[in-house]
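J.: Sharing a structure below in structure tokens format, with a few things to ask.
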Amino acid sequence: MRLSPMRYKTYTWPHNPRVYSIDYERKMAVNKTPFGLFHLQDLGRTNRIMEGGGEFVGEGAYAQFGQLANVFYDSGPGLLIHPLWQAANAYFVSLRLEQEPRPDYVRYSFAFWEDDSWYTGVASQTVGSAADSGGTQSSMAREGTYHRVARGDTLWAIARQYGQSLETLIALNPQIRNPNLIRIGNEVRVK
């Protein structure tokens with residue numbers, strides 16, 4: 001199986017990093033009660049931390065690392081698209097050169113922290129609620145132009161077909177929790 005390349009903002013990895021890890025954490029509080037009993041309180045999940053590393057090999061390897069470093073210096077969050085993870089609006093928080101750079105080989109590591117403020121309000125939007133519940137809406141009752149997903153469609157290909165950026169298409173479709181997984185027959189808002 002060939003995986004799509006990892007992307008962040010304007011940078012696309014020429015080949016996916018060798019290793020990945022993703023940390024999920026839920027904050028919990030323990031309240032002790034009399035007689036040695038306790039009560040757990042769920043304080044909610046924290047941001048995901050996505051880390052990994054890899055190599056750039058061959059002619060121009062150090063130049064490729066330089067392009068990635070330029071994206072690191074670009075402030076603010078951006079859309080991180082990974083071939084397997086759920087897409088995330090994330091901050092690029094660290095980029096590390098793991099050995100003395102050579103023109104033909106660079107080993108690096110990175111970390112991204114999810115910014116969940118991008119997802120705020122998704123549940124309250126009617127298009128997302130109808131899509132999640134299996135309900136349908138007539139074309140007259142909603143605004144915009146929609147594309148019905150067919151076999152072989154990807155969000156990236158749909159975005160290109162309609163002259164949109166992937167980030168714009170994802171923003172138009174907050175009901176899609178994982179941009180790497182869309183189902184045949186679903187409708188994707190394209191304008």
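The values are calculated or read from the model by the stated rules, or taken from the named source; none is laboratory data. Computed from a predicted model, the values in this text were never measured in an experiment. A quick note on method: Cβ atoms are made from the backbone with ideal geometry, for glycine too, and the neighbour counts reach across all protein chains shown. To get the accessible areas, we keep the full protein, side chains included, count just its heavy atoms, and leave off ligands, DNA and RNA. Shrake-Rupley method; radii C 1.70, N 1.55, O 1.52, S 1.80 Å.
J.: So Ala90 clears everything in (1) open to solvent by 30 Å² or more (accessible area, probe 1.4 Å); (2) touching a residue at least 12 places away in the same chain (Cβ under 8 Å) except one condition, right? Which one?
T.: Unmet for Ala90, out of (1) open to solvent by 30 Å² or more (accessible area, probe 1.4 Å); (2) touching a residue at least 12 places away in the same chain (Cβ under 8 Å): (1).
J.: Moving to a separate point now. When you check Arg96 against the structure, is it among the basic types (Lys, Arg) and touching a strand residue (DSSP E or B) at 6+ places or on another chain (Cβ under 7 Å), yes or no? Full working, then the answer.
T.: On the way: among the basic types (Lys, Arg): yes; touching a strand residue (DSSP E or B) at 6+ places or on another chain (Cβ under 7 Å): yes.
Yes, satisfied.
J.: Shifting gears a bit: Which residues, taken from segment 132-159, are acidic (Asp, Glu), modelled with pLDDT of 50 or more and surrounded by 11 or more Cβ atoms within 10 Å (Cβ to Cβ)? Full working, then the answer.
T.: Step one: list which residues in segment 132-159 are acidic (Asp, Glu), which gives 132, 143, 153.
Then drop every residue that is not modelled with pLDDT of 50 or more, which leaves 143, 153.
Passing the criteria: only Asp153.
J.: What number of residues within segment 27-65 are assigned to a strand (DSSP E or B), among the aliphatic types (A, V, I, L, M) and free of Cβ contacts under 8 Å to residues at least 12 places away in the same chain? Spell out the reasoning first.
T.: Start the filter on segment 27-65 by keeping residues that are assigned to a strand (DSSP E or B), which leaves 27-32, 38-45, 49-57.
In the following step, the residues that additionally are among the aliphatic types (A, V, I, L, M) were identified as 28-30, 40, 43, 49-50, 57.
Adding the requirement that they be free of Cβ contacts under 8 Å to residues at least 12 places away in the same chain leaves 30.
So the count comes out to 1.
J.: So which residues in segment 163-183 are in contact (Cβ under 8 Å) with a residue 24 or more places away in the chain, open to solvent by 60 Å² or more (accessible area, probe 1.4 Å) and assigned to a loop (DSSP other than H, G, I, E, B), if there are any at all?
T.: Across segment 163-183, the qualifying residues are Arg177, Asn180, Arg183.
J.: Okay, next question. Among the residues of segment 19-29, which ones are more than 25 Å from the chain's Cα centre (by Cα) and open to solvent by less than 90 Å² (accessible area, probe 1.4 Å)? Spell out how you get there, then give the answer.
T.: Let us first name the residues in segment 19-29 that are more than 25 Å from the chain's Cα centre (by Cα), namely 28-29.
Selection gives Ala29 alone.
J.: So, in segment 97-112, exactly how many residues are touching a Ser or Thr at 6+ places or on another chain (Cβ under 9 Å) and either in a strand (DSSP E or B) or modelled with pLDDT of 95 or more (or both)? Break it down stepwise before answering.
T.: Residues of segment 97-112 touching a Ser or Thr at 6+ places or on another chain (Cβ under 9 Å): 97-98, 109-112.
Applying the additional criterion that residues be either in a strand (DSSP E or B) or modelled with pLDDT of 95 or more (or both) yields 97, 109-112.
The qualifying residues number 5.
J.: Now a separate question. Counting only residues that are over 15 Å from Ala90 (Cα atoms) and among the polar types (S, T, N, Q), how many does segment 1-11 have?
T.: Total satisfying the criteria: 1.
J.: Out of Ser94, Ser4, report the one residue that is at pLDDT 90 or above, small (Gly, Ala, Ser) and within 30 Å of Leu172 (Cα to Cα).
T.: Values: Ser4 fails: at pLDDT 90 or above.
Of the residues listed, the single one that is at pLDDT 90 or above, small (Gly, Ala, Ser) and within 30 Å of Leu172 (Cα to Cα) is Ser94.
J.: Something else about it: Name every residue in segment 58-68 that is closer than 16 Å to Tyr91 by Cβ and either touching an Asp or Glu at 6+ places or on another chain (Cβ under 8 Å) or exposed (fewer than 14 other Cβ atoms within 10 Å of the Cβ) (or both), in order of residue number. Let's see the steps before the verdict.
T.: Kept after step one, since they are closer than 16 Å to Tyr91 by Cβ, are these residues of segment 58-68: 68.
Scanning segment 58-68 gives no hits.
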